[in-house]
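Accompanying notes for the structure given below.
The values are calculated or read from the model by the stated rules, or taken from the named source; none is laboratory data. Please read all numbers here as calculations on a predicted model, not as lab measurements. Cβ atoms come from the backbone with ideal geometry, glycine included; neighbour counts cover every protein chain shown.
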Amino acid sequence: MKNTFTRSFYFALILIISFVAFTSCQPKESKTANATNTTTSSSNSTNNGDIAYVNLDTLNTYYDYLVDIKNRTEKKQTEMRRQLEQSEIQLQSEAESFQKRASQGLLSENAAKKEQQDLQTKYQMLERQKGSMSEALMLQGEKDMNKAYSDIESVLEEYKAEKGYKVVLGTQKGMSMILYTDKELDITKTVLERLNAKYKAEKDSTETAQ
């Protein structure tokens, strides 16, 4: 489930990053930023062209909002599995007890039918609970990714306006359609810093309001 969740992030990020801007402006000099091990080349970019790219592996690993989403989702998945396992164990115990008493002739025909119906109802309720919890998790995931989409798009639009890029591509190990990239086109570091700054400001504002 964790691998599926990660792949969905990658897919969404590819859709987000690989967009074409319809307007351009005059490029400016790149700003100097603090060095980061995974994106050192980004800080040295002096690109004057129309194309830049963002490393999706780096974004997926170091964008704080995505990290928080994944951690929160994994916790919810763990708690969901725990609750469902407890319910399944309890229901299995009741079913075994029923079978034992029925085989020993300890239940009347009417009592056996009623208890069997009750067990079937409980199984159906458990299946509905599984579906409901999965749906809630999926809807929350869509909501989280919609926010990520909005924030990433906003930051890229701002950066595009500053630098005059017409196209921003997404690249990642093993799935990139880009066969060669000049490191001077890498804007990952700047984009990542702006995303994390934006997310931190939102978190600080929320904590202050509480």
Which residue pairs have Cβ atoms closer than 8 Å, lie 6 or more positions apart in sequence or on different chains, and pair a first residue in the stretch 81-108 that is within 14 Å of residue 121 (Cα to Cα) with a second residue that is surrounded by 10 or more Cβ atoms within 10 Å (Cβ to Cβ) and polar (S, T, N, Q)? 87/129
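Restricting to the stretch 76-116, count the residues that are of a type in the set (Ser, Thr, Tyr), under 30 Å from residue 135 (Cβ atoms) and exposed (fewer than 12 other Cβ atoms within 10 Å of the Cβ).
Within the stretch 76-116, the first condition is being of a type in the set (Ser, Thr, Tyr), and the residues that meet it are 78, 87, 93, 97, 103, 108.
Among the residues that remain, those that are also under 30 Å from residue 135 (Cβ atoms) are: 78, 87, 93.
Still in the running and exposed (fewer than 12 other Cβ atoms within 10 Å of the Cβ): 78, 93.
The total comes to 2.
Quick one: count up the residues across the stretch 116-155 that are more than 19 Å from the chain's Cα centre (by Cα) and either at pLDDT below 90 or closer than 21 Å to residue 55 by Cβ (or both). Can you show your working first?
First, pick out the residues of the stretch 116-155 that are more than 19 Å from the chain's Cα centre (by Cα): 116-132.
Subset that is either at pLDDT below 90 or closer than 21 Å to residue 55 by Cβ (or both): none.
So the count comes out to 0.
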